[in-house]
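Notes for the one structure printed next.
The values are calculated or read from the model by the stated rules, or taken from the named source; none is laboratory data. Keep in mind the model is a prediction, meaning the values are calculated, not measured. Using ideal geometry, Cβ is built from the backbone for each residue, glycine included, and neighbour counts are taken over all protein chains shown.
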Amino acid sequence: MSRLPKGCTNVGGDIASAMEQCRELFISSFSAFGYKPFWPSALQLLETAWDRLPESIRTRLITISTPFGEPCCLRADITLAAVAYLSAHHSPEERPLRLCYSDRVYKAPQRPETYLETFQIGAELLGWEGEGADIEVLNLLLKTLDKMGLDDTHLVLGDVKIVQKAMETIPSQLAQQLISCLEKGSYSTYFKILQKSSVPQSILPFLKALPDLKGDSQVIARTENLLGSNDCLKSLKEIERAMRYLGYGNRIRFDLALARELNYYSGPIFDIYSSRLGKPLGGGGRYDGLLFKYGIFGQAIGFALDLESAAAISRFKGSRSSTIMVWPGGLSPAEAIIKAETLIARDMEVEISWSADRKESFQLTRMRDIPWWIDLLHDIAINTSNNEEYSMQTWIEGPKC
């Protein structure tokens, strides 16, 4: 039976190959900066997840009970598992902890979505103090995206402290209504609520302008004029200055109405956009409060990307171009494997066709759009698109390139 549960998927073919190449590149790029691979449990205790996850994730948990009778949920967030790992395995002297990962997450779908599971790649920098970590993570993220061929991506930055400051002088119920509108992007409802409410004149001009505070660094200057203070803008100004110095100034945008789980995030937050994708590729931000819930004093920043979406628009278009089909042609299996390994040693990707029929093997290779077919017994290479033949020595020195 080939049917899968609704909302689930098997991924294979070119997209799976592209995903694997993106995953390898991502892990190697972050590992070079001291990030250690992390494999989280697929299950999380419901009592732990419920207390520590933001509401937007809690409402989408998929709950189960283990054979041991423990109420659990399928892993909906890898950040929570990373912080739990830090708490259980690393003393204060061993911090900060850098982790990178590639794994599935499971959430009940929200319309128009239908999938229960998605593939994520991400990184977390946990338990640090002082400045620099935000810049480290954002710089590494953009460098890695560039390596994937996603050099059209932009970081859209906000800071929950800005929205918090805007709401601190108005009644909490009204503040929550306005924040909810910002989180959903429901600006028309936001303005209707604002128009009907009694808001102090000292903050009203800023609240009216907030949904339009989007764009380049000029947005920061405009916000300073509206607020009469730059305390809550300090982090964004430092990030923008550093990223410009690192050569990424043209990849930074601001959206100061960006509001996401104000009780969870604690500072700068960001979304990642590509001009080739109609939705965010991923996002992240500072979440110091989650560490505090585990009794850890320090700062934390992390992000996650949708691996399948990234792979679909990456420079990886499936199997590596060096893939070739080799045919034993009467050699024993052991002899064929040894000769195939000499080609693999030359950074080629090799498949062995065990068909006894030479014509059948060649036709299969052509049908699968594999560019080269190799007769290992006679040391002949044939181009499947035009049937040109080369001796192995000639082919290795030239045509294969």
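Among residues belonging to segment 118-150 that are at pLDDT below 95 and charged (D, E, K, R), point out the one that is surrounded by the most Cβ atoms within 10 Å (Cβ to Cβ). The qualifying residue surrounded by the most Cβ atoms within 10 Å (Cβ to Cβ) is Asp134. Annotation: Leu305 fulfils all but one of (1) modelled with pLDDT of 95 or more; (2) more than 14 Å from the chain's Cα centre (by Cα); the unmet one is (2). Whenever a residue of segment 111-135 is over 21 Å from Ile62 (Cβ atoms), its partners that are exposed (fewer than 13 other Cβ atoms within 10 Å of the Cβ) and modelled with pLDDT under 95, lying with C-beta atoms within less than 9 angstrom and at least six residues away or across chains, give the pairs Gly127/Pro92; Gly127/Glu94; Gly127/Phe297; Glu129/Phe297.
One line per residue, one yes/no per condition, for (1) crowded, with 16+ Cβ neighbours inside 10 Å; (2) charged (D, E, K, R); (3) modelled with pLDDT of 90 or more; (4) not assigned by TED's automatic domain parsing to the domain that holds Ala209:
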site: Thr169; (1), (2), (3), (4): no, no, no, no
site: Leu178; (1), (2), (3), (4): yes, no, yes, no
site: Tyr187; (1), (2), (3), (4): no, no, yes, no
site: Lys192; (1), (2), (3), (4): no, yes, yes, no
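Any residue at all in segment 36-59 that is buried (at least 20 other Cβ atoms within 10 Å of the Cβ) and of a type in the set (Gly, Ala, Ser)? Yes: one or more hits.
Residues of segment 255-275 that are within 21 Å of the chain's Cα centre (by Cα) and over 24 Å from Glu124 (Cβ atoms): Ser275 alone. All of (1) at pLDDT below 90; (2) touching a helix residue (DSSP H, G or I) at 6+ places or on another chain (Cβ under 8 Å); (3) not acidic (Asp, Glu) hold for Gln201 with one exception: (2). Restricting segment 352-374 to residues that are outside any loop (DSSP other than H, G, I, E, B) and more than 42 Å from the chain's Cα centre (by Cα), the residue that is nearest to Lys317 (Cα to Cα) is Glu360.
Residue count for segment 277-330, restricted to those that are farther than 23 Å from Ser102 by Cα, free of Cβ contacts under 8 Å to residues at least 40 places away in the same chain and of a type in the set (A, V, I, L, M, F, W, C): 2.
For the structure I just gave you, tell me whether Gly302 is farther than 30 Å from Ala16 by Cβ and among the small types (Gly, Ala, Ser). It is false that Gly302 is farther than 30 Å from Ala16 by Cβ and among the small types (Gly, Ala, Ser). Yes or no: segment 249-268 includes at least one residue that is of a type outside the set (Lys, Arg), assigned to a helix (DSSP H, G or I), in contact with a strand residue (DSSP E or B) (Cβ under 7 Å, 6 or more places away or on another chain) and in contact (Cβ under 8 Å) with a residue 24 or more places away in the chain. Scanning segment 249-268, I find no residue that is of a type outside the set (Lys, Arg), assigned to a helix (DSSP H, G or I), in contact with a strand residue (DSSP E or B) (Cβ under 7 Å, 6 or more places away or on another chain) and in contact (Cβ under 8 Å) with a residue 24 or more places away in the chain, so the answer is no. Just a yes or no: is a residue in segment 68-81 surrounded by fewer than 15 Cβ atoms within 10 Å (Cβ to Cβ), of a type in the set (Gly, Ala, Ser) and touching a strand residue (DSSP E or B) at 6+ places or on another chain (Cβ under 9 Å)? No, the conditions are met nowhere in segment 68-81.
One residue stands out in segment 213-230 among those that are touching a residue at least 24 places away in the same chain (Cβ under 8 Å) and in a helix (DSSP H, G or I): the one that is surrounded by the most Cβ atoms within 10 Å (Cβ to Cβ), namely Thr223. Condition check: closer than 25 Å to Ser56 by Cα and surrounded by fewer than 21 Cβ atoms within 10 Å (Cβ to Cβ). Does Asn250 satisfy that? No; evaluated as a whole, the condition is false for this residue.
Scanning segment 215-259 for residues that are touching a Pro at 6+ places or on another chain (Cβ under 8 Å) and within 26 Å of Asp151 (Cα to Cα) yields Ser235, Leu236, Ile239, Ala257. Considering segment 11-119, the qualifying strands (runs of 3 or more DSSP E), each wholly inside and each with 2 or more residues that are closer than 30 Å to Lys317 by Cβ and in contact with a Pro (Cβ under 9 Å, 6 or more places away or on another chain), run over 97-106. Going residue by residue through segment 328-347, is there one that turns out to be at negative phi and either touching a Phe, Trp or Tyr at 6+ places or on another chain (Cβ under 6 Å) or in a strand (DSSP E or B) (or both)? Checked against the condition, which is being at negative phi and either touching a Phe, Trp or Tyr at 6+ places or on another chain (Cβ under 6 Å) or in a strand (DSSP E or B) (or both), segment 328-347 yields no hits at all. In contact with a strand residue (DSSP E or B) (Cβ under 8 Å, 6 or more places away or on another chain) and either at pLDDT 95 or above or surrounded by fewer than 21 Cβ atoms within 10 Å (Cβ to Cβ) (or both): which single residue out of Tyr115, Tyr101 fits that description? The unique qualifying residue is Tyr101.
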